[in-house]
Amino acid sequence: MTISKQISVVLILFVCISSIGQKCKNSSKGMRKANKHFTEEKIIKATKPKALFSKFSQAASANFVKSSENYYLSLVLVREMGRRINILVDNPLVIQFENDHIETLYPDRTLLGKFTLPVTTEINRPFYKVSQKQLELFAQHRIAHVKVYFSSDKTIGEDKFGTDDSGTFFDYGIRNENLRSSLMEPAKCIAQ
């Protein structure tokens, strides 16, 4: 092999290795937001947020956070229409993976919804505790369905709203192929 071919091979390998490392960059903004939320735990790593769903006047992105003791899924739920919802400590997040396996996550604390500008936009930012086993599921399987349970003192009259034995929820089937796999790489990265 000539020297120019050897250099080319080395450069290609360097570019490949560099691009792999870039997928797992730590998010300083995610760490700042998590550190504001957690006062009793030291946040050591956070992935960049990835879109999870976008349905009409509602959207969500999520990222993973690692503290010195635990893993968390941070969900940023944005809603239009000016109806405040609260995520209580006993309001689960139910994730159904493509293999039909279902995992239930619970927020670390109660969070009241907050309005942003314009005042018709509401945002919730709960952190759901994730076990090592659950993190492995996120890394290995695509997401097919999400139910976000919440509490509200007003009647919610939207299409994706429902109730069951666990409470009131928004229901999202994730049909977009890219969004189904959007949390796989961040789950792999946070576990490293």
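A few points about this structure:
- Computed packing ranks the peptides 133-145, 179-191 as 179-191, 133-145, most packed first, by mean other Cβ atoms within 10 Å.
- Listed peptides 59-66, 87-94, 26-33 by packing density, highest first (mean Cβ within 10 Å): 59-66, 87-94, 26-33
- Efficiency of FRET between A59 and E98 - r from beta-carbon atoms, R0 22 angstrom, step 0.05: 0.55
- Full-extension gain in nm, V78 to D171, via 0.36 nm per residue minus C-alpha separation: 32.0 nm
- In nm, spacing of pseudo-spin labels at L112 and E185 (7 Å Cα→C-beta vector): 3.9
- Distance in nm between pseudo-label sites at A51 and S151 (7 Å out along the Cβ direction from Cα): 3.3
- Per-residue extension of 0.36 nm, minus the Cα-Cα distance of S68 and M31, leaves a gain of 12.0 nm for this segment.
- Backbone HN-Hα couplings from phi across segment 61-72 [Karplus 6.51/-1.76/1.60, Hz, Gly and Pro as x]: 10, 8, 8, 9, 10, 10, 9, 5, 10, 9, 10, 9
- Orientation-averaged projected area, Cα convex hull of segment 26-191 (nm²): 9.3
FYI, it's all coordinate maths here, none of it is from the lab. Every value quoted in this text rests on a predicted model; they were computed, and no experiment measured them. Every residue, glycine among them, receives a Cβ derived from its backbone with ideal geometry; neighbour counts consider all protein chains shown.
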